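The values are calculated or read from the model by the stated rules, or taken from the named source; none is laboratory data. Computed from a predicted model, the values in this text were never measured in an experiment. Ideal geometry is used to build each Cβ from the backbone, glycine not excepted, and the neighbour counts take in all protein chains shown. Just the protein is used for accessible areas: all its heavy atoms, side chains included, with ligands, DNA and RNA removed. Shrake-Rupley method; radii C 1.70, N 1.55, O 1.52, S 1.80 Å.
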Amino acid sequence: MIVTIDGPAGSGKSTAARGLSQRLGFEFLDTGAMYRCVALAVLNQGIDPADSKSVGDVSQQIRITFADAHVILNGEDVTQAIRTAEVSETASKVAQYPVVREALVDLQRQAAEGVNIVSEGRDQGTVVFPDALCKFFLIADPEERARRRFDEMQGQDQEITREEILQQIHQRDQRDESRTVAPLKPADDAVEINTSQLSIEEVLDQLEQTVRKRQ
Ligand code: C5P
């Protein structure tokens, strides 16, 4: 059984997907972390993100695994390292290349084989798992999304203002929505939820009730 949760940055989808997977006893897949891993590998190797050929090669060679809440890239724990503003920005650039998407979509489908899973990203309901049992598209007001990202980044040693975060989010959304391959958009059969005024528990209640009705 597959449940997909897509939406823009800061819409609350990661927290919701993780929480929902726990409530349902399903696996959880953070596909944004995979694009972030490609970005980090590209930056670490000094590759220009505009060099689609080299970026494509990186995406086909890297090993990404998940261990509990940790992300492991080529054997190294990169859970924190993939959360910087630079990696976010680079991830949305490398995510535009078809070769990168193909490599990661293969890995995502492999991860879902034979298990119940909640998979979270931008194209999970539209492209990766079009036959999913339940598809959600989470949205939130821009100010609220910037506030959440800002809170997330506290204690990470990164100096950035809420205004800068808002700008970055807009840029990233625009890139994600306007790319030709697998753009960010709701699937026709997705349930859309605006999380701006909802607590995480309220979001989880709505998601869980919808899934349980279809199980
Ligand atoms: O969700 P997160 O903010 O970690 O994703 C980082 C970037 O990875 C997004 O801005 C987007 O460009 C890309 N991404 C994607 N498709 C996915 C998940 C993430 O293109 N399924």
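State to the nearest 20 debye the size of the charge dipole of region 169-215 about its Cα centre, where the only charges are +1 on K and R beta carbons and -1 on D and E beta carbons.
Numbers: 7 positive and 10 negative charges, 45 e Å.
Here region 169-215 has a charge dipole of around 220 debye.
Quick one: order 23, 175 from most to least accessible surface, probe 1.4 Å.
Working: 23 75, 175 45 Å².
The residues order as 23, 175, largest area first.
Hey, can you find the accessible area per residue of region 33-115 for me, probe 1.4 Å, expressed in square angstrom? Write down the numbers at each step before the final one.
Values: 4060 Å² over 83 residues.
Per-residue accessible area for region 33-115 comes out at 49 Å².
Is it possible to state the helix-based mean residue ellipticity at 222 nm for the chain, with each DSSP H run of 4+ residues giving -39500 (n - 2.57), the sum divided by total residues, to the nearest 500 deg cm²/dmol? What is it?
Details: 8 runs with 105 residues, N = 215.
Roughly -15500 deg cm²/dmol at 222 nm, from the helical runs in the chain.
Where a Cα-Cα gap under 27 Å defines reach, which lysines qualify for residue 135, not counting those fewer than 8 residues away within the same chain?
Leaving aside lysines fewer than 8 places away in the same chain, those within reach of residue 135 are 13, 93, 185, 213.
Using 0.36 nm per residue of separation minus the Cα-Cα distance, give me the extension gain between residue 106 and residue 60 in nm, one decimal. Before the final figure, lay out each step's value.
Details: separation 46, 0.36 × 46 = 16.56 nm, distance 1.04 nm.
Working it through step by step, the gained length comes to 15.5 nm.
Can you list residues from other chains, or at least 5 along the same chain, whose modelled amide H is less than 5 Å from the amide H of residue 134?
Placed amide hydrogens put 2, 4 under 5 Å from residue 134.
For 126, 180, 90, give me the order by solvent-accessible area with a 1.4 Å probe, most accessible first, ignoring ligands, DNA and RNA.
From most accessible down to least: 180, 126, 90.
So, with a 1.4 angstrom probe, what is the percent of accessible area on region 40-107 that is carbon and sulfur?
Details: 1650 of 3480 Å².
So the carbon and sulfur contribution to the accessible surface is 47 percent.
Taking only the alpha-carbon positions of the chain and ignoring solvent, what does the Debye formula give for the base-10 log of I(q)/I(0) at q = 0.10, 0.11 Å⁻¹?
-0.40, -0.50
How large is the dipole of the chain about the Cα centre if only Lys and Arg carry +1 and Asp and Glu carry -1, each at its Cβ, rounded to the nearest 20 debye? All intermediate terms of the calculation are to be shown ahead of the outcome.
Values: 24 positive and 36 negative charges, 78 e Å.
Charge dipole, the chain, about its Cα centre: 380 debye, nearest 20.
About its Cα centre, what dipole magnitude does region 119-215 give when the only charges are +1 on Lys and Arg Cβ and -1 on Asp and Glu Cβ, stated in debye to the nearest 20? Spell out each step's value before the answer.
Numbers: 14 positive and 22 negative charges, 69 e Å.
Dipole about the Cα centre, nearest 20: 340 debye.
Using the heavy atoms of the protein chains and a 1.4 angstrom probe, tell me the accessible area per residue for region 130-215 in square angstrom.
Working: 5270 Å² over 86 residues.
I get 61 Å² per residue for region 130-215.
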